[in-house]
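This report refers to the structure that appears directly beneath it.
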2 protein chains.
Amino acid sequence: MNTKKILSAFVAVTMALTAMAVEQQSPDGNVVVRVELNSQGTPFYQVFYKGAEIIRPSRLGIELAEENSLMDAFRINKTSTSTFDETWQPVWGEQRDIRNHYNELLVEMEKASNGRFMNLRFRVYDDGVGFRYEFPLQKFLPYFVVKEEHTEFAMTGDHTAWWIPGDYDTQEYDYTESRLTEIRSLMRDAISPNASQTPFSETGVQTALQLKTADGLYINIHEAALVDYSCMHLNLDDEKLVFTSHLTPDAKGNMAYMQTPCQTPWRTIMVSDDARDILASNLILNLNEPCKIEDTSWIKPVKYVGVWWEMINGRNEWSYTNELPSVKIGETDYTKVKPHGRHGANNENVRRYIDFAAQHGFDQVLVEGWNIGWEDWFAKSKDYVFDFQTPYPDFDLKGLNDYAHAKGIRLMMHHETSASTRNYERHLEAAYQLMNRYGYNSVKSGYVGNIIPRGEHHYGQWMNNHYLYCIKEAAKHHIMVNAHEAVRPTGLCRTWPNLIGNEAARGTEYEATNGSKPFHTTILPFTRLQGGPMDYTPGIFEMDMWKNNPSNPNHVNSTLARQLALYVTMYSPLQMAADEIENYEPHMDAFQFIKDVAVDWDDSRYLEAEPGRYIVVARKAKGTNNWFVGCTASEHGHTSTIKLNFLDPGKKYVATVYADAKGAHYKDNPQAYVISKREVNSKSSLKLTAAPGGGYAISIFENTPARHR
Amino acid sequence: MNTKKILSAFVAVTMALTAMAVEQQSPDGNVVVRVELNSQGTPFYQVFYKGAEIIRPSRLGIELAEENSLMDAFRINKTSTSTFDETWQPVWGEQRDIRNHYNELLVEMEKASNGRFMNLRFRVYDDGVGFRYEFPLQKFLPYFVVKEEHTEFAMTGDHTAWWIPGDYDTQEYDYTESRLTEIRSLMRDAISPNASQTPFSETGVQTALQLKTADGLYINIHEAALVDYSCMHLNLDDEKLVFTSHLTPDAKGNMAYMQTPCQTPWRTIMVSDDARDILASNLILNLNEPCKIEDTSWIKPVKYVGVWWEMINGRNEWSYTNELPSVKIGETDYTKVKPHGRHGANNENVRRYIDFAAQHGFDQVLVEGWNIGWEDWFAKSKDYVFDFQTPYPDFDLKGLNDYAHAKGIRLMMHHETSASTRNYERHLEAAYQLMNRYGYNSVKSGYVGNIIPRGEHHYGQWMNNHYLYCIKEAAKHHIMVNAHEAVRPTGLCRTWPNLIGNEAARGTEYEATNGSKPFHTTILPFTRLQGGPMDYTPGIFEMDMWKNNPSNPNHVNSTLARQLALYVTMYSPLQMAADEIENYEPHMDAFQFIKDVAVDWDDSRYLEAEPGRYIVVARKAKGTNNWFVGCTASEHGHTSTIKLNFLDPGKKYVATVYADAKGAHYKDNPQAYVISKREVNSKSSLKLTAAPGGGYAISIFENTPARHR
């Protein structure tokens, strides 16, 4: 970007403002958007919150691969406004009712020189703005190729940001807290190794990006309804403090292939002077289309355990043998090789997890490594890597499902694709049919490694199309999808609620391998969770990995009490108790919280929040009067005095508090917790302290605590 | 390539020859292969025919994307020889019995420095050589990425070549006849425009490449069994006269992704001092694997007509309306648009072709443009371009199939993919199921335009994998495949005989648009047809396109008599009578040959042949004593005296000769033909003259000619 050109553009805009600017404000009047064309016919927008500018005049435009880009020479043919107010009920969620209330501004533009049309649609909410580019069906632009989207987000100062490096292939970075001007110098350290990664800029970051101004305003930039388009990153001009959109390219360097009528995803800017509003916002869900699945009765939140952590921590393996450096699915005969004896997905181990799940009221048992192909699945750019059909010799597909079903448990399917997406699509129908046949209703899918077709990236239009294709095909089979390594969510779970989870960020698995900073879980709800639930896999009770696997020196940067709190702070309809059975058994008193906690909610109240510091949230379990409270804190710890005024007045409750014990610390004393019970009511307040890297969890049951959901 | 290095390598080889060379010869001793390592441990091979060198010492080697390429530092661990002699029966073909008789040489090599193994396997036939690289399962090379294959074919002189430009995306070029040293100067003119094309070199050509030496030797270079690898081109060093293999790259510039155990396709060199031997050779079929389809009873040769030429010549359209610049499958409502009235695949027209097919003994009627999506199918890089399911409003899918079946006719399915291959694979199963449901047993598929996924090419490993996937999936549904714009065939029809045809060269359609040189059909059997049958679509009776469509000025460069001959000279189990019904009606006497001619054979005898000049072949219809003879000639015409000594001695036959009339000429008098009948026997000889761009066809029936096959 040429800096001089930007400067002169700003001058022009300022001059044009009085003559041409159109505005729209939020229902409460706090958020105002102003849109104008500069003298070159380039559209700019500007955002204000409570009278203060929060987005300086920022360019809008789409660069095409062909000539006559949609960047300038526009005239405004028409502007119109409207209001929308609707309350809808999600299939699952943080609240029973979600209000979608906005004022809209539609700016219809034409490039008079060649009869091309582009509209800008803004929806202004009390907690922010969503806007998108729309391309009506038109004679002179039926199809086009996007070379780049040039949407600017011009910052008003050197804000504090909680950011991860922009990357076409991984979102699994640890967060960095810094000023905008510090991003460049911190980038190198921020780019930690990953199985597939393509960072693109020294100042490139991902969305959702959480910012805080010197004046204490919280700003969040993300996108909503990412459909048939490539994922947006933000590239910072750290002299001018302007973020510009940077899309994910395909193998030819193009960003998107468009057919009118069509539109971009929504670009979202949330804003508030209270961080809790950012967490409570439903702006991104509201910008997505209503549910497209007619009968949703088969979509159910899931609490699960699994044969998984033992592979993550290195004690066991997904693979079956060491004798096969080169597996050919359909040719390799596994009955003729010697097992290495550390295959986690064996009948005995799976039955043990089924027993445990049934005993403690879980819904499902995830089993990874059940199907052949794990001996050479990674980093080989192997096309036919899995068939998603054939179990290992020691995994009795029918017998284990029958065993589970007899105990009221379902197995959770696992489809690691190794990012070989053509192969996955070729086997998808048969794989889903197999799931239907054996009674699976949910699948954890994975996209580890570089994408096949080669040259495509995890977050490009090609792959975004693939992820959604799988979700739609799964819906036909009444299958819920939890896709790992897929693109970060953008609220599509409203439209396709069988998308019950995603990874799309640095999950708990990193605690067993590289570690994450103690403040990690105080940021994720501000960023990653804005677009939809995360399969974060909390519930680790044994923080020292060497106790699972003597050769693993890693440590989980969390107290045990915080691990409980995450079931509340990390909202998801899909929650795993991720640790091994052996690690729960010494702490069944604490494990009780995991058994008790709900996975679907009628209401959520964010009690305290500061990104990178602490989050305290209370949620009311679906269809009950029971509440659960969670607090997660950074390495600084956190002391709260929380008021229980969300409880029904006049009713009596029993609160069970799972707190860090005195002296608890994420690093050297993580398992020190205390459990206490007390009677509470709507007038109670509780003073609680989270240790460094700690937290607390509270169950609040009306009358006697129910032992099972 | 560094010329000096090559020179010094040759010196080294010469020195090493006495010490290290190993040889193998053909069963008749005429063809000899010599293999040796030079002092750098680089393998070279050399080929002799009847004592004369025909391939000078030529390097062999595979360059890897990683280090330690398989190019040098080899030692030979073991050499071994064997002999093979087997006669097999193709499901359909030019002969009932095919003899596969060769002597083999296996050279097992090791790169001692790093324990990598590569073998060279040579099969030496009386009519040429096939060799390939083999990569055994090995510890230090379980997977590798091919950066380039460096197989040389060092010519012994400045041969005459019949060549088309090397290209990753099209094979539909007109042939050029020139000396090797003239290729560079002729390349620019040879690269005519195509819907998708990627030429790569000023001296790059395609295989099969037909060559002729100054000494009158015919040499042909191609490949066999192209499976899970990218297609080979030849790049000429026109100073040293050395061809080097150049593979088709993927989006990342890599050529192939390999998993041991594996091998390359066979590289083939046919040689003879008689051009007829090149045409009669079964070397490429023999180098392919035996048939993998157990029950082949459903695979039947097909003679067909179709709703097609009227679109090719521009009189009618595949599309239905002019009102849809942007079609969205599943959303666009075709019942609400105005038809343009030139949609060829309408009920009335299709019924007319069904009637015609039934009346004249054809098997099938191809209908293109039956399914929605043709309004914007091309050049839009449109992902969801067709669904292969939904007919246009004026095409009664069930009714027309019922109508056809009642008359003993089947419709032929058409699947144009617009090269959007993910979309095709997503719909493949449903599309094949639809074919089964309505009684289709064959599909013409097409890959016009640039490949999606973008960055892949028509002839790369990715697409070759796709083509074979479709063939295998089709076989499960008992469907025969005729893929257009797919990679040139390499004999895979032996293994998968439901691959009954391909285009993969410049077909008759070009005669209606750009024209082809008059000698075109005297070259194709030497080149394109080496790998398998071509859906050439002969049988054009009206050469002036303006008579079909006043705005089309093109002319077919052939006489009518030659159009008949092509049913014999262009061997295929799939033969179309491609012209419009209206153009056959004035010439039903000549049309009788098309009705009579067989599409499957017990024997074939190449009577005369010279590439670029003429081909005369006699074939014996399967399970009968009837013979058909065809002659195609260049612009120079051709006069033959052919002996009918292939007929059964002592039996009487009636020969019907369809010949160019006196004064016939491809350009200004193409429809001048004479039909004559005479009694013949095994002692008869016939003197016949083909006009410039002409030919002749003969049916020879034992006793009375059968009017229907």
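Helix-derived [θ] at 222 nm for the protein assembly as shown: sum -39500 (n - 2.57) over DSSP H runs of at least 4, divide by residue count, nearest 500? If you can, show how the numbers build up before the last one.
On the way: 26 runs with 248 residues, N = 1418.
Using -39500 (n - 2.57) per qualifying helix, the result is -5000 deg cm²/dmol.
Taking the simple approach of a point 7 Å from Cα along Cα-to-Cβ for both A:Asn549 and B:Glu348, what is their distance in nm?
Between A:Asn549 and B:Glu348, the label points sit 7.4 nm apart.
Relative contact order of chain B, please, whole-number percent, based on alpha carbon pairs below 8 angstrom and at least 6 residues apart.
Rounded, it is 11 percent for chain B.
How many Å² of accessible surface get buried when A and B come together, counting both sides, probe radius 1.4 Å, rounded to the nearest 100?
2900
May I ask for the angle, rounded to the nearest 10°, between helix B:560-569 and the longest principal axis of chain B, with both axes built from Cα atoms and the value confined to 0 to 90°?
50
Run down the aspartates and glutamates and flag those whose C-alpha is under 13 Å from the C-alpha of A:Lys651, throwing out any fewer than 8 positions away in its chain.
Within the straight-line cut-off, A:Lys651 pairs with A:Glu679, A:Glu702.
Hey, rough spin-label estimate for B:Phe200 and B:Val674, points 7 angstrom out along Cα→Cβ, what's it come to in nanometres?
Rounded to a tenth, the inter-label distance reads 5.2 nm.
In this model, which of A:Lys111/B:Lys380; B:Lys252/B:Lys444; B:Lys444/B:Lys667; A:Lys620/A:Lys643; B:Lys517/B:Lys687; A:Lys595/A:Lys620 are farther than 20 Å apart at the alpha-carbon?
Too far apart for the 20 Å limit: A:Lys111/B:Lys380; B:Lys252/B:Lys444; B:Lys444/B:Lys667; B:Lys517/B:Lys687.
What are the nm distances, shortest first, from A:Asp394 to its equivalents in the other copies, labels at 7 Å along Cα→Cβ?
So the label point of A:Asp394 gives 6.7 nm to the other copies.
A:Thr156's amide H: which non-local residues (gap 5+, or another chain) put their own amide H closer than 5 Å, with H modeled 1.01 Å from N in plane and none for Pro or chain starts?
When sequence neighbours closer than 5 places are left aside, the close amide H contacts are A:Arg56.
For helix A:347-359, what angle does its Cα long axis make with the longest principal axis of chain A, in degrees from 0 to 90 and rounded to 10?
With rounding to tens, the tilt is 80 degrees.
What angle, in degrees between 0 and 90 and rounded to the nearest 10, separates the Cα long axis of helix A:421-438 from the longest principal axis of the Cα atoms of chain A?
50
Using r as the Cβ-Cβ distance of A:Lys476 and A:Ala430, and R0 as 22 Å, what FRET efficiency do you calculate, to the nearest 0.05?
0.95
Anything losing 40 Å² or more of accessible area from the isolated chain to the full protein assembly: pick those residues out of the stretch B:314-334, probe 1.4 Å, ligands and DNA/RNA ignored.
B:Pro325, B:Ser326, B:Lys328
For A:Val337, place a label point 7 Å out from Cα along the Cα→Cβ vector, do the same in each other copy, and report the separations in nm, one decimal, smallest first.
So the label point of A:Val337 gives 5.3 nm to the other copies.
Shielding of A:489-496 by partners, i.e. mean partner chain Cβ atoms within 10 Å per residue?
Mean inter-chain Cβ contacts per residue within 10 Å come to 0.
Provide a whole-number value for the mean count of partner chain Cβ atoms within 10 Å of the Cβ atoms in peptide B:448-456.
The per-residue average across the peptide is 5.
Please give, to one decimal in nm, the separation of the simple spin-label points placed at B:Glu608 and B:Glu239, each 7 Å out from Cα toward the Cβ.
4.4
Using 1/(1 + (r/R0)^6) with R0 = 30 angstrom and r between the beta carbons of B:Glu67 and A:Val337, what's the FRET efficiency to the nearest 0.05?
So, using R0 = 30 Å, E works out to roughly 0.50.
Rounded to a whole number, what % of the accessible area of the stretch A:196-246 do carbon and sulfur atoms account for, probe 1.4 Å? Intermediate values should be presented prior to the final figure.
Numbers: 540 of 1340 Å².
Result for the stretch A:196-246: 40 percent of the exposed heavy-atom area is carbon or sulfur.
Using a 1.4 Å probe on the heavy atoms of the protein chains only, list every residue of the stretch B:211-259 that has 40 Å² or more less accessible area in the complete assembly than in its chain alone.
Buried by 40 Å² or more upon assembly, which counts only protein chains, are B:Lys252, B:Tyr257, B:Gln259.
Below 8 Å between Cα atoms, with a sequence gap of 6+, how large is the relative contact order for the stretch A:390-523 in percent?
So the answer I get is 19 percent.
From a point 7 Å beyond the Cα of A:Lys407 in the direction of its Cβ, which residues of the stretch A:361-375 have a backbone N at a distance under 13 Å?
A:361-366
Go through B:264-273, A:289-298, B:582-591, B:600-609 and give me the packing order, highest mean Cβ count within 10 Å leading.
Those peptides, ordered most packed to least, come out B:264-273, B:600-609, B:582-591, A:289-298.
What are the nm distances, shortest first, from A:Gln433 to its equivalents in the other copies, labels at 7 Å along Cα→Cβ?
Here the equivalent label points are 0.8 nm apart from this one.
At a Cα cut-off below 15 Å, give the aspartates and glutamates reachable from A:Lys139, other chains included and same-chain residues fewer than 8 away excluded.
Cα-Cα hits under 15 Å: A:Glu110, B:Glu323, B:Glu375, B:Asp376.
Measuring with a 1.4 Å probe in the full set of protein chains, what accessible area per residue, in whole Å², belongs to the stretch B:384-460?
I get 28 Å² per residue for the stretch B:384-460.
The values are calculated or read from the model by the stated rules, or taken from the named source; none is laboratory data. Keep in mind that this is a model prediction, so the values were computed, not measured. Every residue, glycine as well, gets a Cβ built from its backbone with ideal geometry; the counts of neighbours run over all protein chains shown. Areas reflect the complete protein model, heavy atoms only, side chains present, ligands, DNA and RNA absent. Shrake-Rupley method; radii C 1.70, N 1.55, O 1.52, S 1.80 Å.
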